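No lab work stands behind these numbers, since they all come straight from the coordinates. Because the structure is predicted, anything quoted here is derived from the model rather than measured. Note: ideal-geometry Cβ built from the backbone for every residue, glycine included; neighbour counts use all protein chains shown.
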Amino acid sequence: MRSFHVIANPLSGGGRAVHAAREVAADIGDAGGTVRITFSPGIEAADSLVRDTAAAGELAVVVGGDGMVSTMAGPLHQYDVSAAIIPSGRGNDFARQLGIPENVHDATRLAVGGVERKVDAIEVADRVVVGSVYAGVDSRVSELVNSSSGRLPSAAQYQLASVRGLLEFSPRNYRVQVDGEVFEYRGVTAIAANSGYYGKGMHVAPEADVHDGLLDVVMIAAGNRLKFVRSLPQLYRGTHVRNPEVTVARGVEVRIEAEGVEAYADGEPLAPAPVTARALSGALRLRLNN
């Protein structure tokens, strides 16, 4: 049994990650492993925490939500550290894509006894992120969710923010380049997805595969606002891609241009558009099911 370094975001899930990290450590200890816990003081600590994990020859156990996993992704890739994920944030969409259980004890069993597999990531704006990069109405939704943190249940946060975002966001001209192929349209968003899920279970890119070395690009043209609101349930089923407003492409490098839009990645602000995202094939080594 190897040694484990449990790295938790104490703010994830309204503090739920603190309790989860202690449960994880107890389960690993019961299984015969050596374990220590670090509660990360912030984004700026990610590099030193993972570098320390690498030097100690430990497996990193990341406890938190999509933002925490994304924060750790760059150092995990840089130092080539094997890791496991214990989902304990608001959305947990990357864990959902990977089939990691939400139950802390089940996820810990996977961390201890799972199979290591290489998983793709995304390089964008001098960062490495894991789920998706997007610029449009979903940027506004992420902004609204972040500002409402702690005041509503997470499911209600995303649903209410999605409706409000659709009603508030004004369509604009997009130019999206996917491996040299150019798409121009007046629309509401462009998404470069490694993982198929975002927004707490919305299956925005249903064909996305974290093992194929490609990004699935979902482009949504402008349409009737009320129709968009009514079609929100389709996003959870992944059937929205059949609508005429939606175009899907696939490629390694994606450039998104749109005036006056802030790009987001995994629920966190990234940079003003334009942004260029590139698939990083096999960038992370994660403990998963067979």
Study note, to complete from the structure: To the nearest 20 debye, the chain has a Cα-centred charge dipole, built from +1 on Lys and Arg Cβ and -1 on Asp and Glu Cβ, of 760
**Study point:** Two-decimal log10 I(q)/I(0) for the stretch 132-281, as the Debye equation yields it once each C-alpha is a single scatterer, q = 0.14, 0.16 Å⁻¹
**Key:** -0.60, -0.80
Practice item. Could you tell me what percent of the DSSP beta bridges with both partners in the chain are antiparallel, to the nearest 5? Key: 75
Exercise for review: Return one number: the angle in degrees, 0 to 90 and rounded to the nearest 10, between the long axis of the Cα atoms of helix 137-147 and the longest principal axis of the Cα atoms of the chain.
Suggested key: 50
Review point. Which angle between 0 and 90 degrees, to the nearest 10, do you get for helix 46-56 versus the longest principal axis of the chain when only C-alpha atoms count?
Key: 40
Point to revise | Length-normalised contact order of the chain in % [C-alpha pairs under 8 Å, at least 6 apart] | key: 21
Exercise for review: Please order Met202, Met68 by the number of other Cβ within 10 Å, starting at the fewest.
Suggested key: Met202, Met68
**Study point:** Tilt relative to the chain, helix 16-30 - C-alpha long axis, 0 to 90 degrees, to 10
**Key:** 40
Review point. So what are the ³J(HN,Hα) numbers for the stretch 183-200, from phi and the Karplus equation (6.51, -1.76, 1.60; θ = phi - 60°), rounded to whole Hz, Gly and Pro as x?
Key: 10, 10, 6, 9, x, 10, 6, 9, 10, 9, 10, 8, 8, x, 10, 7, x, 6
Check your understanding: For the stretch 3-113, rounded, prolate or oblate, judged on the Cα gyration tensor with a ≥ b ≥ c (square roots of eigenvalues), a/c < 1.5 rounded, else prolate if a/b > b/c?
Key -> rounded
**Study point:** Sequence-distant residues sharing a close amide H with Ile86 (under 5 Å, placed H)
**Key:** Val62, Val63, Gly64
Practice item. Counting only C-alpha contacts under 8 Å and six or more residues apart, can you give the relative contact order of the stretch 132-281 as a whole percent? Key: 29
Exercise for review: Using only Cα atoms, locate the centre of the stretch 75-95 and the centre of the stretch 218-239, then give the distance between them in Å, rounded to an integer.
Suggested key: 29
Review point. Computed over the Cα atoms, what is the radius of gyration of the chain divided by 2.2 N^0.38 Å, N being its residue count?
Key: 0.98
Review point. Counting pairs of alpha carbon atoms under 8 Å apart in space and at least six apart in sequence, what relative contact order in percent does the stretch 3-113 give?
Key: 30
